[in-house]
């Protein structure tokens, strides 16, 4: 019987009726992604081969690959439906029918190129399986034949027969070298199951060692240790066999047994890599690494697995010189593109990115240029690891590689690719890290229904979990409920957990309630649970930080400062350490307690996390007049990556130190910022700077380029109008002031600043601005005098605003008569008797000045304190 792949027409029909969704009820996982790559699995309802789920021996090959026997599922639900007690033939056929019914009229159109790729992938995988099976079956047949011959001839198995079994071992070893661990393990274990009793001691040893090593490759360490321990039963005490036994006890952390067998092994010799790997594995972290290093023979130290383990141990101790020396050696090994030890590559990646890809940095996407380069390097290396593991069967390790690569994508702001890898990690191996990573991705993107499905899947599959995982899942559920605004249910979920959990997690539960209260703006909950924390766990920092957040919200800096000072020196969960430091540093900075803040900023520097709060760190030094420190913190960065506040601090620090060239470079970068508000603020800063440097033309250009007055406010804008005036740009100053008075007409400040500008420039107005005009224009006041000398005033108000008088609007009959009239002209007004003379024409500047004076004397008299008669 030869297993056959589905035909193209069958695949097309399957995908058409799938709607491009997994057929499992409630699952919306895509089958083909946006890049046209198949990311699901064609599953047999009744298995394609003997030994598979729901196998039907009476079914023909054509029936096995027929449309009716196939269903398309995501990786996760393919695994779920392997449980035949829940998902029998009838259940899966019902699931398939219900799903396809939804898409009978509106099917999914799959492109030919995509279908071809899916078909090729199935055929390729099938060929690989068939080749492996044929190779294994052929060798087994040969061995059985040889064993029969040997038995009948009564030949010594340890000579002729062992050669054949060694050949069988070579097949498994070949699979293992190609990173096909499932095939290797299957081959080894089949030999163990069928031929153990007739194997000689040497072959048995090799078989057990290879099974254990393959299980190690797959990340199944405890199972590997069990096989290594079976070597004891062989009573074969060689250097190699004893080293495997040592490795088993090191994996199981059984130090007494390890020490006993280590001494026995040393008596046989020292030149064995497994022996010293076991030694480092068990003793590392308890004995100084330098001591361990000296014990290892020189030839063994050069082995890559030993090098990487020593490197990890030295890095954990912070021994930088030793780390660097070993790092170069490992880097040279890993950079060879043909190198296939994925374990070493993975460990190397961990060493270079673990100080970078921390939770808080990923949360804020705060990475330096140097860190970004390292992340890009790690991304390339993860591509290699995934390539080596893709068809290995080491699902745990492959899932972890996808998960870690997704973090690299996040650091590079490539969110879509990061989410894709998280989906793959979860689909391959539903472990906690992949659950949490994918959950947070969906939460961030507001895919709340997907979050709920993930929670349900996780809870259904897990009965006995570690307390840490249990707390993390509850915290995830709480975050989801907070995002959905369901604080009542959130409170119930967390308080139920509070009653059931251990004392270690109780303060974390309460802190979670505080954090979600802050996140959702429910400050009644914040103060309630912060007080509960302080009362029940007075030695924990969380409660006091919660009180700080509450009092800052209430604009009560005195109590906020007291709460934050109480938090100092209190205990906290080590997983929260960096976030605690960040909150203390940021809080003290906000309270202008800069020296206190620097204590925690320095801690963040020491743990390579300062770039998350770089701006606040620089702000502390600036306010303490440590200008050189500000420059040290900010100047090594690419100016184009700095935000407004950082550029401002850098500019002011250069300015205060008299470093003119550097100050102007920072200023120029500020004027290139993306946000209009930020650019306008830098125009103000630049105008003040260039004015002080007597570069009046440059200063005036910057002021007149400001196109959003609200971002600066009334006072700052009138100050800039005064600055224009002081530099001799009188008309420009009054044009700007006039615009500001119109915009902010209803404020006292606008009227006062406009009035003051006139008063301060009284002597220079006549030479620069005509307050009295010879011709009537828009935004002017016309004084008409009748034949008896009585005056009438009319305002041609275009964009102007005035507090009293007769306002004329464009289109008014009188507007048309007055517009264009000249001083001294006699005109006849409509609907009146007699002629009127144009006695005076006030400009918009004079009109606004007189109106501002009137408002200051009347509407704003108490504020202005200007008690004198109105001008005529």
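The values are calculated or read from the model by the stated rules, or taken from the named source; none is laboratory data. Everything numeric here is computed off the predicted structure, so don't read it as measured data. Neighbour counts are summed over all protein chains in view; Cβ atoms, including those assigned to glycine, are modelled from backbone coordinates with ideal geometry.
Overview of values
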read-out: Matching residues, segment 722-739, being over 16 Å from residue 802 (Cβ atoms) and under 46 Å from the mean Cα position of the chain (by Cα); value: 723, 736
read-out: Matching residues, segment 558-593, being in contact (Cβ under 8 Å) with a residue 40 or more places away in the chain and not in a helix (DSSP H, G or I); value: 573
read-out: Flag for residue 215 being crowded, with 22+ Cβ neighbours inside 10 Å, at pLDDT 95 or above, in a helix (DSSP H, G or I) and out of contact with any strand residue (DSSP E or B) (no Cβ under 9 Å at 6 or more places or on another chain); value: no
read-out: Filter pass, residue 637 being at pLDDT below 95, in a loop (DSSP other than H, G, I, E, B) and either crowded, with 16+ Cβ neighbours inside 10 Å or not assigned by TED's automatic domain parsing to the domain that holds residue 372 (or both); value: yes
read-out: Condition met for residue 305 (assigned to a helix (DSSP H, G or I), in contact with a helix residue (DSSP H, G or I) (Cβ under 9 Å, 6 or more places away or on another chain), crowded, with 19+ Cβ neighbours inside 10 Å and in the same structural domain as residue 250 (by TED's automatic domain parsing)); value: no
read-out: Residue within segment 281-296 that is under 23 Å from residue 394 (Cα atoms) and not assigned by TED's automatic domain parsing to the domain that holds residue 381 present; value: yes
read-out: Segment 35-64 residues that are at positive phi, paired with ones that are surrounded by fewer than 17 Cβ atoms within 10 Å (Cβ to Cβ) and in a loop (DSSP other than H, G, I, E, B) (beta carbon under 9 Å, 6 or more apart); value: 36/111; 54/84; 54/88
read-out: Residue 383, sole failed condition from (1) touching a helix residue (DSSP H, G or I) at 6+ places or on another chain (Cβ under 9 Å); (2) surrounded by fewer than 18 Cβ atoms within 10 Å (Cβ to Cβ); (3) within 21 Å of residue 609 (Cβ to Cβ); value: (3)
read-out: Cβ pairs under 8 Å, 6+ apart, first in segment 816-828 and within 15 Å of residue 772 (Cβ to Cβ) and outside the structural domain of residue 840 (by TED's automatic domain parsing), second surrounded by fewer than 13 Cβ atoms within 10 Å (Cβ to Cβ) and modelled with pLDDT of 90 or more; value: none
read-out: Spans of helices (runs of 4 or more DSSP H) in segment 18-125 with at least 2 residues surrounded by fewer than 18 Cβ atoms within 10 Å (Cβ to Cβ) and modelled with pLDDT of 80 or more; value: 61-64, 89-101
read-out: Neighbours by Cβ (under 8 Å, 6+ apart or cross-chain): first from segment 210-239, more than 26 Å from residue 429 (Cβ to Cβ); second part of a loop (DSSP other than H, G, I, E, B); value: 239/269; 239/271; 239/272
read-out: Check on residue 445, under 25 Å from the mean Cα position of the chain (by Cα), at pLDDT below 95 and within 26 Å of residue 565 (Cβ to Cβ); value: no
read-out: Residue within segment 729-743 that is in a loop (DSSP other than H, G, I, E, B) and either touching a strand residue (DSSP E or B) at 6+ places or on another chain (Cβ under 8 Å) or surrounded by fewer than 18 Cβ atoms within 10 Å (Cβ to Cβ) (or both) present; value: no
read-out: The listed residue being more than 47 Å from the chain's Cα centre (by Cα), farther than 30 Å from residue 33 by Cα, modelled with pLDDT of 85 or more and buried (at least 19 other Cβ atoms within 10 Å of the Cβ), out of 199, 168; value: 199
read-out: Only one of 633, 679 that is over 27 Å from residue 587 (Cα atoms) and in contact with a helix residue (DSSP H, G or I) (Cβ under 8 Å, 6 or more places away or on another chain); value: 679
read-out: Condition broken by residue 372, with the remaining ones in (1) more than 29 Å from residue 324 (Cβ to Cβ); (2) in contact (Cβ under 8 Å) with a residue 24 or more places away in the chain; (3) not in a loop (DSSP other than H, G, I, E, B) satisfied; value: (1)
read-out: Odd one out for residue 763 among (1) closer than 30 Å to residue 862 by Cα; (2) outside any helix (DSSP H, G or I); (3) without any contact (Cβ under 8 Å) to a residue 24 or more places away in the chain; value: (2)
read-out: Among (1) surrounded by 13 or more Cβ atoms within 10 Å (Cβ to Cβ); (2) more than 60 Å from the chain's Cα centre (by Cα); (3) outside any strand (DSSP E or B), the one test that residue 792 misses; value: (3)
read-out: Selection from segment 308-331 of residues that are surrounded by fewer than 11 Cβ atoms within 10 Å (Cβ to Cβ) and either in a loop (DSSP other than H, G, I, E, B) or in the same structural domain as residue 388 (by TED's automatic domain parsing) (or both); value: 318
read-out: Of residues in segment 686-713 being surrounded by fewer than 20 Cβ atoms within 10 Å (Cβ to Cβ) and part of a helix (DSSP H, G or I), the one nearest to the chain's Cα centre (by Cα); value: 705
read-out: Given (1) at negative phi; (2) touching a helix residue (DSSP H, G or I) at 6+ places or on another chain (Cβ under 8 Å); (3) at pLDDT 90 or above, index of the condition residue 592 fails; value: (1)
read-out: Qualifying residue in segment 489-509 (condition: touching a strand residue (DSSP E or B) at 6+ places or on another chain (Cβ under 8 Å), more than 20 Å from residue 456 (Cα to Cα) and crowded, with 20+ Cβ neighbours inside 10 Å); value: yes
read-out: Residue list for segment 797-818, filter: surrounded by 12 or more Cβ atoms within 10 Å (Cβ to Cβ) and over 59 Å from the mean Cα position of the chain (by Cα); value: 805, 806, 807, 808, 812, 814, 815, 816, 817, 818
read-out: Options 545, 527; residue that is touching a helix residue (DSSP H, G or I) at 6+ places or on another chain (Cβ under 7 Å), in contact (Cβ under 8 Å) with a residue 40 or more places away in the chain and assigned to a helix (DSSP H, G or I); value: 545
read-out: Set 290, 241: member being in a helix (DSSP H, G or I) and touching a helix residue (DSSP H, G or I) at 6+ places or on another chain (Cβ under 7 Å); value: 241
read-out: Hits in segment 765-782 (condition: surrounded by fewer than 16 Cβ atoms within 10 Å (Cβ to Cβ) and either at positive phi or out of contact with any helix residue (DSSP H, G or I) (no Cβ under 6 Å at 6 or more places or on another chain) (or both)); value: 766, 767, 770, 772, 774, 775, 777, 778
